[in-house]
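Okay, structure first, notes after.
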Amino acid sequence: MFSEISEYFRTEALPHIWCPGCGIGTVMQALVRAIKTLQLDQNNVVVVSGIGCSSRMTGYLDFNTLHTTHGRALAFATGIKAAKPELDVFVVMGDGDAAAIGGNHFIHAARRNIDLTAIVINNSIYGMTGGQSSPLTPHDKRATTSPYGNLERPLQLLAVAQAAGATYGARATTYHNQLLTKVIIDAYNNPGFSLVEAVSQCPVSYGRRNKFKTPADMLRWQKEHGVMKGHKEIGDEEFFIGEIFRAQAPEYTREYEKLRQRLQRGQR
Amino acid sequence: MSEARLMQGNEACAEGALAAGVRFFAGYPITPSTEIAEIMAEKLPLVGGTFIQMEDEIGSMAAVIGASLTGAKALTATSGPGFSLKQENIGFAIATEVPCVVVDVQRAGPSTGLPTSPAQADVMQARWGTHGDHPAIVLSPSSVQECYELTVQAFNFAEEFRTAVIMLMDEVVGHLREKVELIENLPIVNRKRPSVPPDRYIPYENNESRIPDMANFGEGYRYHVTGLTHAENGLPTGKPEVAGKFLARLTSKLDLYLDRIQLWEEAELSDADLVAVAYGCTARPVREAITAARREGLKVGLFRPITIWPFPAGQIAKLGGRSFLVPEMNNGQLVGEVERVFGPKNVHRYNRIDGELITPSEILEKIREVMA
Ligand SMILES: Cc1ncc(C[n+]2csc(CCOP(=O)(O)OP(=O)(O)O)c2C)c(N)n1
Ligand code: SF4
Ligand SMILES: [Mg+2]
């Protein structure tokens, strides 16, 4: 454990459940470093998660933490933020969690542009349940439920968020983890719904089946395929990293507060 | 000070929630409960609260729990199909002991059913709709006045016992208009906050009261809330002895308070040979039928469970030696609880599931038949 950030962890909750070589811990570190850089009051930070390997993160973090039901993290977080907007609310989800079972909540949280910082840990697979395909599993890749290769095409989660009304979107990887910390900071600073897609490696449930011999091979793949947005076009299997979109739109809780004040002045 | 007004059951329920101090509502429209959401949308921002229409009932239930964790008294309202969708997160609220109130204005039929017709068919869903062993508090109003008072009571129970409380209404009481006295000084209970500093706070403490003190998010008590079976410190556990202890406390926590949680009404029981056990909208025609039967010299009384879960079996047991008639607008759900006490021999059923109300004359006829 890095001593400069150890104050943000619940040491009594360790050891963690993640497999050796898993990328989730790297994302957790990036989140904590972002919170430390932002100098947020630990008592005022809420971290909400869904269900999956990624979502187990909340148990290890020393904030107000809420480990919810599969896919519902954003809906729980919406209740928290709407009831107490002064809280700093981060939401950690897996790719299946956010894009499959939680897809509806995802779209509507983005549509409301509610001030949540959402981090989707995209390991291209259902890790916790042992490697079934997720809506973000790339075409042709193998999973236990797509043993002959995935016939479906992956969802472009950032594009969905943007189309639905989110006002900040970025992508980084566990290899590009300093960029990951930076975009989490930017996401927090955006007053509205912000999405960070954290591309991560699941060597156990995904890598093994898809010709990655070691976790290091997966990180190397990230290094070679992540292209900083704005620098060049992307080729096959490549993907943009960095800030993907930014927009301005009214934020839900601020609009609601304006309504309360208008009503208090007697204007219906 | 009290105010008497003519209003619908759904409106009275909303007024009760406001009287209890509700500050958050999340919901999704569904007949015959929608008026509650509409009233909340209008009134909550006026009192500094928040109304949000969510994308579905799953999200509504989730948002209610999230809001309650910040300290807000939180409500949602729905009907059968939406009640089904809420079940997963109702279980979450019960397991994580987050206070909230869920109104189910029952309508007829499985699936989409008869959306505008009454029924009492969610009695078992209210008890066992979410998976796993768990405690349940379910209240059943049979008048508009009771919609008001019991909603306050539901919040009080939710806050005191840290659980999701279900207001099991029906289309009849929800849409009926009656005179209501909006009693203003009903006792209001708020969740017990920790009396120790954060470093000594044990969020899921196995204390004698079986109800741990509750800190709200953002107040300096940082702790973990999870639907995974957890230890006293809130963190997940797989240890059988720790899991067993938690589940023993959770599933037995209401047992210490049954005398206060179990509410019922009884009428004309002292000389009764037959006890009609009726709740919710069905208690209304039953009352009329009893009056008519008494005119014919038939000694019938009423036992009306107001709290239907935990079922007041102890009270029913005191009525041994008599026959029972349990009319319900379902195929026989609560009747099983009466049979559990006495066996099926002297317990009679009367059921209707076509969306039509049970009439006083139907019940009178059944009374005559059983007492012949
Ligand atoms: C309602 C419900 N359905 C299914 C599951 C089983 N389940 C647990 S985690 C999971 C998928 C996790 O995948 P992802 O969200 O990508 O997270 P990861 O484990 O990869 O981090 C599933 C299907 C569940 N817990 N709840
Ligand atoms: S299964 Fe995959 S995602 Fe889950 S802990 Fe192991 S490596 Fe990480
Ligand atoms: Mg995944």
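Worth a mention:
- Size descriptors for region B:2-183, from the alpha-carbon set: Rg then Dmax equal 14.4, 43 Å.
- Residue-averaged beta-carbon neighbours from other chains (10 angstrom radius) around B:78-89: 1
- Gap separating the Cα centres of region B:255-323 and region A:51-95, nearest whole Å: 46 Å
- Antiparallel bridge percentage (DSSP; both residues within the protein assembly as shown; nearest 5): 25 percent
- Highest average packing first - B:308-321, B:135-148, B:235-248, Cβ atoms within 10 Å: B:135-148, B:308-321, B:235-248
- Excluding exposed DSSP-loop chymotrypsin sites (Phe, Trp or Tyr not before Pro) (at most 14 other C-beta within 10 Å), longest clean stretch of chain A: A:3-147
- A DSSP coil position with no more than 12 other Cβ atoms inside 10 Å describes the following GluC sites (Glu not before Pro) in region B:282-348: B:296.
- Centre-to-centre, using Cα atoms only, region A:111-139 and region A:1-47 are separated by 20 Å.
- Histogrammed with a bin width of 10 Å, the alpha carbon distances of region B:265-371 distribute as 16, 55, 29, 1 percent, first bin at zero.
- Close amide H contacts of residue B:182 (hydrogens built in the peptide plane, cut-off under 5 Å, sequence separation of 5 or more or a different chain): B:3, B:4, B:5.
- q = 0.07, 0.09, 0.12 Å⁻¹: log10 I(q)/I(0) that the Debye formula gives for the protein assembly as shown, counting C-alpha atoms only: -0.49, -0.76, -1.18
- Each DSSP beta bridge with both residues in region B:265-371 is either parallel or antiparallel, and the antiparallel ones are about 20%.
- Taking a straight Cα-Cα cut-off under 18 Å and skipping sequence neighbours fewer than 8 places away in the same chain, the lysines within cross-link reach of residue B:192 are B:73, B:253.
- Placed amide H near residue B:162: partners under 5 Å, 5+ positions off or other chain: none
- Exposed GluC sites (Glu not before Pro) absent - longest run of chain A, DSSP non-H/G/I/E/B, at most 13 other C-beta within 10 Å: A:1-85
- Cα gyration tensor, region B:309-372 - rounded (a/c under 1.5), prolate or oblate: oblate
- Viscosity 1.567 mPa s, 4 °C: Kirkwood-radius Stokes-Einstein D of region B:124-265 over Cα pairs, µm²/s: 75 µm²/s
- The convex hull defined by the C-alpha atoms of region A:2-264 has an orientation-averaged projected area of 13.9 nm².
- Rounded to 5, the percent of DSSP beta bridges in region A:2-264 classed as antiparallel: 20 percent
- Charged-residue dipole, Cβ positions (Lys, Arg, Asp, Glu), region B:265-371 about Cα centre, Debye nearest 20: 200 debye
- Average partner coverage of B:42-51, which counts Cβ from other chains inside 10 Å: 4
- Rel. contact order, % - alpha carbon contacts under 8 angstrom, at least six apart, region A:2-264: 18 percent
- Here the extension length gained between residue B:361 and residue B:131 equals 78.8 nm, from 0.36 nm per residue of separation less the Cα-Cα distance.
- Take each residue in A:81-93, count the other chain C-beta atoms within 10 Å of its C-beta, and the mean is 4.
- Over the residues of chain B, the helix contribution to mean residue ellipticity at 222 nm works out to -11000 deg cm²/dmol, using -39500 (n - 2.57) for each DSSP H run of at least 4.
- Label point distance in nm, residue B:296-residue B:267, each placed 7 Å from Cα along Cα→Cβ: 1.8 nm
- Summed over qualifying helices (DSSP H, 4 residues or more, each -39500 (n - 2.57)) and divided by its residue number, chain A shows a 222 nm mean residue ellipticity of -9500 deg cm²/dmol.
- Long-range HN-HN contacts of residue B:50 with modeled amide H, under 5 Å: B:24, B:25
Read-outs throughout are calculated quantities, based only on the coordinates presented, and are distinct from any laboratory measurement. Source: prediction; values computed, not measured. No Cβ is skipped: glycine too gets one built from the backbone with ideal geometry, and neighbour counts run over all protein chains shown.
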